[in-house]
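Each remark here refers to the structure printed beneath this line.
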Amino acid sequence: MVTEMIKCEFKQLQKPLKLVSTIIAIMTVTAFLFIRLIFLISGIKSTSAIILWYIISGIVNLFCEFIYPVFTLLMYIYGGDVFYRSMYSTDTSSANKLILSKFIPMVIFQIAVRVEMFVAAALIMGEFDSIRYGYGYGISFSDIVNYSEFYFMEINNGESVTGLLAFEVIIAKIVGIFTTTLLLWLCVSIGKSFKKAGGAIAMILFIVICNLLLAENFTGHLVRQVILGGIKAPEGIRWGELDSHIYATASILKNAVLTITYYLLSCRIIGTRLKRKS
């Protein structure tokens, strides 16, 4: 039954996913054509052309930094709307089945959009490299993480995000999406408890909690103390890279705990509501 419920939710998300994918594809192709046209006209070898290259790449960089959080916020607003309109649309008395049937498709939808945006950013910035240096089309796993982290300012301390750190960052991103999606579900389930303005209450609660969690730095400090306490010989340690590992590890641990907490709270709230309905 859960499988059928998940398939039904996937069908509802197919249309918006195609729309978002089309928008990202159009933006990527437009950026490609614009960049190629500019430097086809100006060339790239003169001093003025190199200055223009830095200016345009900087503008595109700023645009990526702006558009990513905007897209992310819009995706969560859309997710909240979907949750609010269809929270109790499934005929089931199990809170676990109801939550999983809504949560799994939405998480996959959110991850798919992020991957498309990361690849688009890597392609666009790779095009700048290709024009200037003659290469930049080879996009590896670490390249995507590098571009996404640098241009989206989540980890930006000058360290190259490769190898183990790249893997940690990807895991941190995925766990973060799990956590945020479940927080969104929890806030909507609370908003549903109000007869009026439930949707507005849910979104305000979601934004407030997100901002409070962003301001929390105890987890990072605790992980840092534990890791530093186990270091016997600090000579030769790359502290910038270590800070990035600490940031990623703290993010994974905090969000893993929050995911479990949100899920249990959601089960309690949804379970109580389903019992009342039955």
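If I stretch the segment between residue 112 and residue 36 completely, what's the gain in nm (0.36 nm per residue apart, minus their alpha carbon distance), one decimal? Could you put the intermediate results ahead of the total?
Values: separation 76, 0.36 × 76 = 27.36 nm, distance 2.77 nm.
Taking 0.36 nm per residue and subtracting the Cα distance, the gain is 24.6 nm.
Under the rule a/c < 1.5 gives rounded, and otherwise a/b versus b/c splits prolate from oblate, where does the range 1-61 land using the Cα gyration tensor? Prolate. From most to least packed by mean Cβ count within 10 Å, the peptides 63-74, 165-176 give 165-176, 63-74. Sorting 204-215, 98-109 by average packing, meaning the other beta carbons within 10 Å per residue, from highest down gives 98-109, 204-215. Compactness of the range 1-139 is given as radius of gyration and Dmax, 20.4, 70 Å, from Cα positions. Evaluate E = 1/(1 + (r/R0)^6) for residue 133 and residue 61, where r is the Cβ-Cβ distance and R0 equals 25 Å; express this FRET efficiency to the nearest 0.05. Efficiency, from the Cβ-Cβ distance: 0.90. So if we plug the beta-carbon distance of residue 276 and residue 27 into 1/(1 + (r/R0)^6) with R0 = 45 Å, what FRET efficiency do we get, rounded to 0.05? Calculated transfer efficiency: 0.45.
Per residue, how much accessible area does the range 1-75 show when a 1.4 Å probe rolls over the protein heavy atoms, in square angstrom?
Heavy-atom accessible area per residue stands at 66 Å².
In a simple Cβ point-charge model (Lys, Arg +1; Asp, Glu -1; nothing else charged), the range 40-129 has a dipole of about 180 debye relative to its Cα centre.
With a Förster radius of 22 Å applied to the beta-carbon distance between residue 73 and residue 267, the computed FRET efficiency rounds to 0.25.
Taken one residue at a time, the phi angles of the range 99-108 give Karplus couplings (6.51, -1.76, 1.60, θ = phi - 60°) of 5, 5, 5, 8, 6, 4, x, 5, 5, 4 Hz. Gly and Pro are set to x. With the simple spin-label model, which puts each label point 7 Å out from Cα in the Cβ direction, the residue 215 to residue 193 separation comes to 2.3 nm.
The values are calculated or read from the model by the stated rules, or taken from the named source; none is laboratory data. Treat the numbers as computed from the prediction; the structure is a model and nothing was measured. Because the Cβ atoms are built from the backbone with ideal geometry, glycine has one as well, and the counts that use them run over all protein chains shown. Ligands, DNA and RNA are excluded from the accessible area calculation, which covers all protein heavy atoms including side chains. Shrake-Rupley method; radii C 1.70, N 1.55, O 1.52, S 1.80 Å.
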